[in-house]
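Values quoted throughout were computed directly from the atomic coordinates according to the rules given, and no laboratory measurement underlies them. Everything quoted here is computed from the prediction, not taken from an experiment. Here the Cβ positions follow ideal geometry from the backbone for every residue, glycine too, while neighbour counts run over all protein chains shown.
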Amino acid sequence: MLLSWWKILGILILLYVVIGGLSVPLNPGITDLNPGQLYAGQQKEVTITAYNTHFKTAQPTRIWLKSAEGKFLEAQNVQILTENKLTCHWDIAKNMEGQQYTVIGYNNIDGSFLVPDGIVILKNDSAEEANTAEAQFTDVNTADFVKPSGLRFPYRSILNETIRNTFFHVALWMAMFVLYLLGLYHAIQYLRTGKNEHDWWSVAYNKSGILYGILGLITGSLWARFTWGGWWTNDVKLNMAALSMFLYFGYLLLRNSFNDAEARARISASFSIFAFVALIPLVFIIPRLTDSLHPGNGGNPALGGEDLDHTLRLFFYPSILALILLGCWMAQLKFRMQKLAIKAGIYT
Amino acid sequence: MPDHSFKCIMWSSIALLMFPYTASAEVSDLDFLRSTGKIYSVIAGVVIVLLGIGVYLWRIDNKLTKLEKQIKDEHETN
């Protein structure tokens with residue numbers, strides 16, 4: 001019981017991750033701007049659909065267009081429709097043509113929320129021009145904005161609530177990698193010492209890793225369906241991850257094709273070293289060299305900043321730890337079973 | 001042992017190969033999973049992870065039962 005404390009720890013951390021990771025609310029954000037294109041010299045009503053906001057219960061919500069220079073143009077005539085929907089008017093001046101503006105909203109309950117480059121001002125080709133005056137840009141001190149209290153995950157458009165998948169999808173791959181690393185260590189130790197225990201450990205860790213890899217592919221596919229739009233996109237990281245899974249499937253098939261225990265152990269140890277060495281360029285190098293939708297690949301910024309801010313880290317790192325502990329537990333069960341079978345003289 | 005994991009690998013491989021072809025077949029019967037900021041797709045992900053670990057443990061359990069039986073049989077024959 002005392003020696004198994006880490007198993008209990010694994011379950012407790014996983015519980016913490018599942019409960020906390022699902023119950024911490026998301027920051028408010030803007031899901032839709034209609035229309036997203038305005039014409040210079042026009043007055044236009046824009047409908048803003050938001051998420052997790054409290055337009056009705058909050059003090060009046062104010063909306064601005066923020067220029068690249070950091071100047072603010074406040075919207076007129078803000079009409080609250082529901083907690084998450086409002087309409088507002090902007091007088092778009094001639095000199096705003098051809099620029100992109102960030103849309104920022106603020107109220108006392110939700111704090112500030114924004115869409116970077118949410119509105120584009122296009123050239124007005126029609127003859128009827130109403131507004132020739134300069135736009136009334138002002139300075140707004142965003143430091144005065146009240147920040148809502150409590151823990152909140154960042155709001156990212158498209159991702160929405162699925163940003164929580166960081167704990168359940170990304171962490172799986174990290175844990176898988178650690179388990180394969182442990183499998184690799186024992187494979188090398190087997191080749192060095194020839195002790196059967198190392199072979200059993202190696203295959204047990206690799207099997208836990210393969211389980212996480214399969215789950216990682218399935219959860220990733222599900223995530224892709226709701227963000228990128230397809231169960232399987234031609235993203236290089238996906239295909240390379242699938243390929244590395246096939247390598248490890250090959251490892252299992254290879255193991256099962258031997259009758260002689262020693263030959264099986266030796267060849268499969270060598271193969272698992274090869275599979276791990278192939279895994280690194282497949283998953284970590286090639287996707288970085290080409291285009292990929294994954295963060296940190298194909299010129300995308302790596303996990304960090306808003307994608308993995310401190311609130312996400314609070315659950316992301318524990319999740320990796322919990323999955324590693326559970327993976328080690330499953331590997332240990334496999335190992336003990338193998339040991340028992342050998343002890344009883346049963347060949348498996 | 002060989003027969004079981006072979007089947008498992010075969011089906012996983014077929015499922016993996018099928019992925020690109022199922023992509024366009026689905027249209028949009030997934031509105032439920034997309035509601036409330038796609039939270040239910042996250043729940044589905046959590047369920048998959050827990051189910052996956054559960055199924056793996058179930059298989060270990062089954063193999064252990066078989067092993068126990070074998071050991072018991074051997075004791076009786078000796």
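Using a Gaussian network model on chain A with a 10 Å cutoff between Cα atoms, which of A:312, A:73, A:184 fluctuates the most?
A:73
Report the one residue of A:73, A:268, A:160 whose Cα lies farthest in the direction of the positive end of the charge dipole of the protein assembly as shown (charges on C-beta: Lys and Arg +1, Asp and Glu -1; origin at the Cα centre).
So the residue furthest toward the plus end is A:268.
Lys and Arg at +1, Asp and Glu at -1: add these up for the other residues within a Cβ distance under 15 Å of residue A:340 and post the number.
Result for the neighbourhood of residue A:340: +3.
Pop the C-beta distance of residue A:82 and residue A:59 into the FRET formula with R0 = 22 Å and round what comes out to the nearest 0.05.
Approximately 0.85, to the nearest 0.05.
Please compute the length gained on full extension between residue A:262 and residue A:228, using 0.36 nm multiplied by the number of residues separating them and subtracting their Cα-Cα distance.
Gain in length upon complete extension: 7.5 nm.
What distance in nm lies between label points placed 7 Å from Cα along the C-beta direction at residue A:191 and residue A:342?
Distance between label points: 1.9 nm.
Quick one: if you stick a label point 7 Å off each Cα along the C-beta vector at residue A:311 and residue A:136, how many nm between them?
For residue A:311 paired with residue A:136, the spin-label model returns 3.4 nm.
Name the lysines eligible as straight-distance cross-link partners of residue A:66: C-alpha to C-alpha under 22 Å, and not fewer than 8 places from it in the same chain.
Within the straight-line limit of under 22 Å, residue A:66 reaches these lysines: A:44, A:85, A:94, A:123, A:147.
Where in chain A are the DSSP H helices whose alpha-carbon span along the long axis reaches 18 Å or more and whose Kyte-Doolittle mean is at least 0.5?
Helices passing the filter in chain A: A:5-23, A:171-193, A:236-256, A:261-279, A:310-343.
What does the charge count around residue A:208 come to, taking other residues whose C-beta lies under 13 Å from its C-beta (Lys +1, Arg +1, Asp -1, Glu -1)?
+3
Assign unit charges at the C-beta atoms only (+1 for Lys and Arg, -1 for Asp and Glu), then state the dipole size of region A:141-256 relative to its Cα centre in Debye, rounded to the nearest 20.
Dipole of region A:141-256, to the nearest 20 debye: 40 debye.
Obtain the radius of gyration and the Kirkwood radius of chain A from its C-alpha atoms and give Rg over Rh.
Checking Rg against Rh, the ratio lands at 1.14.
Cα centroids of region A:52-103 and region A:202-220: how far apart, whole angstrom?
Comparing the Cα centres of region A:52-103 and region A:202-220, I get a distance of 48 Å.
Roughly how big is chain A's charge dipole about its Cα centre, with Cβ charges of +1 (Lys, Arg) and -1 (Asp, Glu), in debye to the nearest 20?
Approximately 2200 debye in magnitude.
Please list, in chain and number order, the residues 5+ apart from residue A:290 or on another chain whose amide H is under 5 Å from its amide H, with Hs placed from the backbone.
Excluding prolines and chain starts, which carry no amide H, the hits are A:298.
Over 25 Å between Cα atoms: which of A:7/A:207; A:7/A:237; A:195/B:72 fall into that group?
Over 25 Å Cα-Cα: A:7/A:237; A:195/B:72.
Once the dipole of the protein assembly as shown is set up with Lys and Arg at +1 and Asp and Glu at -1 on Cβ about the Cα centre, which of A:23, A:191, A:121 lies farthest towards its positive end?
Final value for the positive-end residue is A:191.
Assuming R0 = 51 Å, what is the FRET efficiency of residue B:65 and residue A:122, from their Cβ-Cβ distance, to the nearest 0.05?
For residue B:65 and residue A:122, the calculated efficiency is 0.15.
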